[in-house]
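The values are calculated or read from the model by the stated rules, or taken from the named source; none is laboratory data. Just so you know, these numbers come straight off a predicted model, no measurement behind them. No Cβ is skipped: glycine too gets one built from the backbone with ideal geometry, and neighbour counts run over all protein chains shown.
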Amino acid sequence: TECVDDGYRVCGQFDDDSCLEYGEITGCGTNATCNPATNKCEQGCDDDCADGAIACNDSNTEVVICKRNTTTNCLEYVTQTTCNDGEICNDDAEAQCVDNPTEITKNCEPGEIRCSNDTKSTEKCIADANGNHWDSTPCPENEFCTNNTCSKTCTDACQEGAKQCSAKGIPQICKKAQSGCTVWQNEAACGTAKGCVNGTCQYYCGNDCEPWSIVVLPDTQNYTRYSSVTETTYHKQMQWIVKNKNTKTIPNLKMVLHMGDITNDNTDVQWKIAKQAHDILKKANIPFAVVNGNHDYRVKGGLGSRSTSKFETYFPESYLKTIKGYGGIYAKHNTYYNFKAGNQEYIILNLEYYPRQQTLCWANSLLQKPENANKKIIMATHANIGRKDDKTKIPNYTGHSKLEFVPNGAKGQEVWHYFTRRHSNMLMALSGHVGGSERREDKGLNGNIVEQILTDYQFDAPCAQDKLSQCTAKNYCAHNTDAGNGWLRILTFDPKTNKVKVTTKSVISGSKSTFSKEGKDQLFCTGYYNAKPSHADHQYEFTLDFTTPSKNTYKDAGDWRFARRTINHNGTGDQINSNVAAMPNGRFVVVWEDDSSKDDDKGDKKNHDIYARIMNPGGCNLSGNNEIIVNAGKTQGNQSDPDVAADKDGNFVIVWTDDNANKGTTQIFMRGFDASGKPRFDIKTVNQKSDNSKYQARVAMAPDGKFVVSWTDKRSGNNTPQIWVRGFNADGSQAFAERAVADKAAGTRIKSDVFIDNQHRFIVTWEDDSDANGSTQSKFRLFNADGTPRSNAITANTVSTGDQNGPSISGKPDGSKFIISWTNIESKNATSYTIMARTFDADGKQVNADFKVSKANAKNQNSQVCMNANGNAMIAWYEPGLKNVMYRKFVDGKLSNEPTRVNQPDNAQKGRSYQPAIACVPNSKYTIITYSDDADNNGYNEIYATGLTL
């Protein structure tokens, strides 16, 4: 038999003679051909390509060539070259392996050398405008690449058929190359939820790949609004969880997370209801975590504070640590738990309502510990995101719209900037607080995706009407007893697909007293979300890589901003009159007048001390650093009104007014410290003549540590106070003797401030009534490093009517530009004071004319200013109408923002924030503002600080 055309013929005797001959051709039929190798018809195939054609395979990981299959006799593509790790097959022209443009910056390390897959070239990693990529150099004729160099002989790189994983987790197999030697060649990448293990793709979850879940419990406050302890929907939620745990509804339950607002009014009855409900979970050995919400701090008839919550009474550390997976606690209300699922370890981190900056510092530090390096992170806090923005259609972050019971914490966007986005292993941020069901997806600083989810159904009130339509016609979206209708959320994680399924259910599904007498489940707050429980607002799915093993990387991108935080440890008594100095490395030192001593205020005598504290960049505690008692050793009498300045190495000097003998005659004292807070020189008297009182001391320090001190001096022979100044070396020894700033002691000069540049030239500014006309001006005078004047007194303000009070000065380190701010009071009967400012060059000539910093309609006062090396400035002041500290930026010669409140919240409601101080961090865009604050409602002032950008 032989094949002929599209059929075959058989050799035989087909007529009367005895000769053998071929018979008729028999066709093979449709889609079949005769195979010459077997001379039989075989089911045929369509050619996939033209003989010799070159192309890319479907996954663009190989160059393939068209050849005839000797078995099927069809043309089909076979592998010619497997692309290297970081390459992709491109067939825009001739098919070839090229650098993958989506990974071009991470293909290789510059200078690295390797052999090409066909061993005919060496490849060197180079860096150019397109990123890091491989550059090929062909080997000479008859040479092949082995051990990363071209040679006439080659060496096997591996045993043929062996498998391994590349450095980037791509499976590789050992094959023989054209050189005759073996080389490692890439196979297909593993894809979602899989990784390379011993050269083959395996699920990261190993033998534990079953889906697992977390239950999210929205605000339960309305379930607790009863006058006596009773069983509520809160209990029913817990009972439902126990009944459905480890079923298809709640598979492999790992944790129940409460979103805060456990109670509505922070009463004992409400906490007892909550405790009873959670004891149901505890008895069933189901791990759970709780966080405080704003309602959990409430005080009957008033606003609460951080210390008023009864959380720790009903959920003390001794109780919380018995819950499975407990890891630790911070400041009573912040906890973390650990669990394992699918070979991956996880941390559940629960943060207080509007976390304080020190809480965020603790959380950042916790996640950077070695034992937590490989754990994935899920964060829960009461308030984080809210409902969608009308324009962007993206959920907004929560903000401080009102006092909200607890002041001076981080709002949602600050939590994101100062914590959530900084950790590469951060998966989710879960929250409640704002009625709604929302989700936003954000990219962290390490490129990881963070899912931020809002779950809060607390305003869905029960409706017992006859028809469901009657429930939707009226407003059954209300904040009243039992509102919430039992809705909760299940997050189900599938380790094989990296999918998270979100399911929302009511534990009282079908209730005829809740969902009308028809008993048909429905949501009633249609202004917040869709009414249908099946809608994508409530049931959805998303992809999230929660299985790929990775080490947590912390990145802050050099962001030294931080949320408002307390600086003083001791909250007893008043902490007032703060000042601040910043160091080039981002650290800063705060100094203040402290009234916490038990010996303070005996009789009619004050006995305050001077305290200081060094803080790390970003407002976190310096390790091992406690408050410094600056006047230690001389604590008798009263110490007040401190100021501080620092050099480029972090050494600092503090000056203050001291009535050590408590006799009413004050002197100016100073003390020097190194960057760790240890004394460099002991307490010294600044003023050389000690008769009568000296007060209102201010200090400025050059980068090398030399400094000058100015003060108000009412010495013998003068009828009125004058401004004096004295210069010092870094070790506290004299650089020049004390001298009066003005040549003649006419009129009154008070409230000085001082600036020094890096050449030790300095400028003193003060409040001046030297003409004794009853109206003050803000004046300044330039001095050389040796204390000799460079100018006469110059008036800073151009508008001279009324009073120009309390000037503050700062400048560029090189002295080429400086700024003075002051308070303008147009008349004695003025109801509105204005903060003004003006800039000057090194010789005191105007750069920018007087400009208004504050808005009208308030007695704005006590301005403080700082300028950075770029000549940009920030001005802070006290606005007494609403009792707030405000700030404004002056950038590129103009005001760049509206007056902005520093403190949170707006103190029109209670307390006040006042006595601002400010410092620019040298050679950076960051500033530190400190102030005294009584917004926590305890009747005492504390020192707060916040970090901002200029």
Q: Could you grab me the full set of residues in segment 795-838 that are surrounded by fewer than 23 Cβ atoms within 10 Å (Cβ to Cβ) and touching a residue at least 60 places away in the same chain (Cβ under 8 Å)?
A: Pro813
Q: Starting from segment 645-657, keep only residues that are surrounded by fewer than 24 Cβ atoms within 10 Å (Cβ to Cβ), then list their pairs with residues that are among the basic types (Lys, Arg) whose Cβ atoms are within a distance under 7 Å, requiring at least 6 positions of separation or different chains.
A: Gly650/Arg587; Asn651/Arg680
(Q) Checking the structure you have, find out if any residue of segment 325-333 is closer than 30 Å to Asp494 by Cβ and either touching a Gly at 6+ places or on another chain (Cβ under 8 Å) or in contact (Cβ under 8 Å) with a residue 60 or more places away in the chain (or both). (A) yes
Q.
Can you find, within segment 580-623, the residue that is modelled with the lowest pLDDT among those that are assigned to a loop (DSSP other than H, G, I, E, B) and acidic (Asp, Glu)?
A. Asp604
**Q.** Conditions (1) in contact with a Phe, Trp or Tyr (Cβ under 6 Å, 6 or more places away or on another chain); (2) farther than 18 Å from Lys236 by Cα; (3) among the charged types (D, E, K, R); number of the one not met by Asp521
**A.** (2)
Q: Residues being in contact with a Pro (Cβ under 8 Å, 6 or more places away or on another chain) and within 21 Å of Lys925 (Cα to Cα): count how many of those fall in segment 617-649.
A: 2
Q | Failed item, numbered, when Thr33 is tested on (1) modelled with pLDDT of 80 or more; (2) not assigned by TED's automatic domain parsing to the domain that holds Lys124; (3) not in a loop (DSSP other than H, G, I, E, B) | A | (1)
Q: Hey, can you tell me all the residues within segment 716-742 that are small (Gly, Ala, Ser), farther than 29 Å from Asn862 by Cβ and in a loop (DSSP other than H, G, I, E, B)?
A: Ser716, Gly717, Ala730, Gly732, Ser733
Q. In segment 440-465, which residue that is within 18 Å of the chain's Cα centre (by Cα) and charged (D, E, K, R) is farthest from Thr514 (Cα to Cα)?
A. Lys443
Q. Within segment 243-271, how many residues turn out to be crowded, with 17+ Cβ neighbours inside 10 Å and part of a helix (DSSP H, G or I)?
A. 3
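Each row is one residue, and each column tells you yes or no for (1) more than 35 Å from the chain's Cα centre (by Cα); (2) in a helix (DSSP H, G or I); (3) free of Cβ contacts under 8 Å to residues at least 12 places away in the same chain.
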| position | (1), (2), (3) |
| --- | --- |
| Gln159 | yes, no, no |
| Lys168 | no, no, no |
| Ser179 | yes, no, no |
| Val183 | yes, no, no |
| Ala189 | no, no, no |
| Cys205 | no, no, no |
| Ser228 | yes, no, no |
| Gln237 | no, yes, no |
| Trp240 | yes, yes, no |
Q: Among the numbered conditions (1) at positive phi; (2) surrounded by 16 or more Cβ atoms within 10 Å (Cβ to Cβ), tell me where Arg225 comes up short.
A: (1)
Q | Which listed residue is charged (D, E, K, R) and at pLDDT below 95, from Lys817, Lys845, Lys855, Lys812 | A | Lys855
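Table: residues versus (1) crowded, with 23+ Cβ neighbours inside 10 Å; (2) among the hydrophobic types (A, V, I, L, M, F, W, C); (3) at pLDDT 95 or above; (4) part of a loop (DSSP other than H, G, I, E, B).
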residue: Glu345; (1), (2), (3), (4): no, no, yes, no
residue: Tyr354; (1), (2), (3), (4): yes, no, no, yes
residue: Asn364; (1), (2), (3), (4): no, no, yes, no
residue: Glu371; (1), (2), (3), (4): no, no, yes, no
residue: Asp390; (1), (2), (3), (4): no, no, no, yes
Q) Is it the case that Tyr336 is buried (at least 17 other Cβ atoms within 10 Å of the Cβ), in the same structural domain as Val269 (by TED's automatic domain parsing) and assigned to a strand (DSSP E or B)? A) yes
Q | Total residues in segment 350-400, condition in contact (Cβ under 8 Å) with a residue 40 or more places away in the chain, more than 20 Å from Lys332 (Cα to Cα) and of a type in the set (Lys, Arg) | A | 4
Q. Of all the residues that make up segment 743-775, how many are assigned to a loop (DSSP other than H, G, I, E, B), buried (at least 17 other Cβ atoms within 10 Å of the Cβ) and at pLDDT 95 or above?
A. 3
**Q.** Identity of the residue in segment 313-338, out of contact with any strand residue (DSSP E or B) (no Cβ under 9 Å at 6 or more places or on another chain) and not hydrophobic (A, V, I, L, M, F, W, C), that ends up modelled with the lowest pLDDT
**A.** Lys332
(Q) Testing Gly802 on (1) at positive phi; (2) at pLDDT 95 or above, one condition comes back false. Which one is that? (A) (2)
(Q) Whether any residue in segment 162-184 is of a type in the set (A, V, I, L, M) and within 23 Å of Asn338 (Cα to Cα) is what I want to check. (A) no
Q: Working carefully through the options Thr182, Thr233, find the one that is in the same structural domain as Asn343 (by TED's automatic domain parsing), surrounded by 13 or more Cβ atoms within 10 Å (Cβ to Cβ) and not basic (Lys, Arg).
A: Thr233
